[in-house]
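Okay, so here's the structure we're looking at.
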Amino acid sequence: MKRGVLLLNMGGPNNLDEVELFLRNMFADPRILPMAAWLRRIIGARIVKKRREEARENYRELGGKSPLTDLTWSLAQKVEERSGLPVRPAMRYVPPFASTALKEFRAEGIEEIVLFPMYPHYSTTTTLSSLDDIRAQCEMMDYRPKLRIVDPYYDDYDYLKIQAALVAEAMEGAESRDYDLILSAHGLPMSIIHSGDPYEKHVEANVSALKIVLRESGIIFKNIKLAYQSKVGNAAWLEPNLADLLRCPENLKVLIFPLAFTVDNSETVFELEREHRMIAEKIGYTDYRVARCPNDREEFADYIGAKIAALD
């Protein structure tokens, strides 16, 4: 059976013209705004109108686009080299859309597609949203490949070792025992958590497991804390909020690790590196560091290749 691989992610604008498209598609997603369709159209339009100019300016500061797509294409190429299989990105809200990859796979006679979520933790807002999209696109194309999804890997030891290595790299030249490590995950509204979404439990399990691997690796911090970022609106979200945590420091030396992200994007290179750094500088932190995501690193490509091979 001929096999292909899709790397699933939300995506990020590839240029300033795509910023509104990204926002419009995100807030039209029933997994992001779980409400009646007519109400989602109204609420979504209001959010887009409110956020588009600020978002466009943020991406302008990043050079006019998100780094996510280029990094994911690079990672896909490396996974393809390792696996010998065709590997494509499949973004949820901006190109390259899943439909493009699926059309290519159908033309190539692909009968089985491995879906690798670029989300380590399962959530209805991420993994399930991407699955909804893949299934809907296949239905519209009358394309019936076998779909095999890689399970959440937040507590997979080999993935945890990659996370620990990224933490160690970010601490080069400094004594980790003098620092607090803040593990920052993307936030979610409590309404989604209360509906049964397992994301919070997965994140907390990731934190517990990573603490053990860091200790095994001899990487010791003064404190390790979990925080959530990227809150939107006035509804109750997962806490503690990262910005609030930074404003009440117990230690003025801190490393932020983007726990829930596998590829750098606006939430890491803008929100963490710029917006939250400004908070730290105003308060007087003596050192504020942000670790990188796995991105297109060789060890992450190796890891994905091994996960695909394990499905045989």
Quiz item: Between segment 56-89 and segment 1-24, what's the alpha-carbon centroid distance in Å?
Solution: 9
Quiz item: When the chain is modelled as a GNM with alpha-carbon springs shorter than 10 Å, which of 301, 37, 209 fluctuates the most?
Solution: 37
Quiz item: Rounded to the nearest 5, what is the percent of antiparallel bridges among the DSSP beta bridges in segment 87-244?
Solution: 5
Self-check item: Sum of side-chain charges, residue 154 neighbourhood, beta-carbon under 11 Å (Lys, Arg +1; Asp, Glu -1)
Solution: -3
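Stretch residue 244-residue 194 to full length: gain in nm at 0.36 nm per residue minus the Cα-Cα span?
Difference between extended and current length: 15.7 nm.
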Quiz item: What are the ³J(HN,Hα) values, in whole Hz, obtained from phi via the Karplus relation 6.51 cos²θ - 1.76 cosθ + 1.60 with θ = phi - 60°, for each residue of segment 30-44 in sequence order, with x given for Gly and Pro?
Solution: x, 7, 8, 10, x, 7, 4, 4, 5, 6, 4, 4, 5, 5, x
Exercise. Return the single residue from 64, 173, 84 with maximal mean-square fluctuation; model: Gaussian network over the chain, springs between Cα atoms under 10 Å.
Key: 173
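Would you mind ranking 35, 91 by Cβ crowding within 10 Å, fewest neighbours first?
Details: 35 12, 91 26.
By the 10 Å Cβ count, ascending, the order reads 35, 91.
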Quiz prompt | Where labels lie 7 Å past Cα in the beta-carbon direction, separation of residue 60 and residue 41 in nm | solution = 3.2
Practice problem: Report, in whole Å, the centroid distance computed from the Cα atoms of segment 119-148 and segment 30-46. | Solution: 20
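Please arrange 103, 49 by counting, for each residue, the other beta carbons lying within 10 Å of its beta carbon, fewest first. Walk me through the intermediate numbers first.
Working: 103 14, 49 11.
So the ranking, lowest neighbour count to highest, is 49, 103.
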Quiz item: Under a GNM of the chain (C-alpha, springs under 10 Å), which listed residue has the highest mean-square fluctuation: 213, 290, 167?
Solution: 213
Exercise. Report, in whole Å, the centroid distance computed from the Cα atoms of segment 218-296 and segment 176-200.
Key: 11
Exercise. Report the relative contact order of segment 157-290, percent, no decimals, based on alpha-carbon pairs under 8 angstrom and at least 6 residues apart.
Key: 33
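Just the number, please: percent antiparallel of the DSSP beta bridges in the chain, rounded to the nearest 5. Don't skip to the end; give the middle numbers.
Numbers: 1 of 34 bridges.
Around 5 percent of the beta bridges assigned by DSSP in the chain are antiparallel ones.
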Quiz item: What number, rounded to the nearest 500 deg cm²/dmol, is the helix-based mean residue ellipticity at 222 nm of the chain, given -39500 (n - 2.57) per DSSP H run of at least four residues and division by all its residues?
Solution: -13500 deg cm²/dmol
Quiz item: So what is the relative contact order for segment 1-155, in percent, with contacts set as C-alpha pairs under 8 Å and at least six apart?
Solution: 37
Practice problem: Taking the Cβ of each residue in 237, 38 as the centre, tally the other Cβ atoms inside 10 Å and list the residues starting with the fewest. | Solution: 38, 237
Exercise. Could you work out the longest stretch of the chain that avoids the GluC sites (Glu not before Pro) located in DSSP loops with at most 16 other Cβ atoms within 10 Å?
Key: 1-107
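State the antiparallel share, in %, of DSSP beta bridges confined to segment 157-290, rounding to the nearest 5. Please report the intermediate quantities before stating the final value.
Working: 1 of 18 bridges.
Once the DSSP bridges in segment 157-290 are tallied, antiparallel ones form about 5 percent.
First measure r as the distance between the Cβ atoms of residue 148 and residue 103, then evaluate 1/(1 + (r/R0)^6) with R0 = 25 Å and state the FRET efficiency to the nearest 0.05.
Details: r = 20 Å, r/R0 = 0.79.
After rounding, the FRET efficiency stands at 0.80.
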Quiz item: What label, among (1) 19.7; (2) 20.3; (3) 23.1, belongs to Kirkwood radius over Cα pairs in Å computed from the structure on display?
Solution: (2)
Practice problem: Might you report the magnitude of the Cβ-based charge dipole of the chain about its Cα centre, with Lys and Arg at +1 and Asp and Glu at -1, to the nearest 20 debye? | Solution: 820
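Rule-based calculations on the coordinates, nothing more; no lab input. Since this is a predicted model, take the numbers as computed values, not measurements. For neighbour counting, all protein chains shown are included, and Cβ atoms are generated from backbone atoms with ideal geometry for every residue, glycine included.
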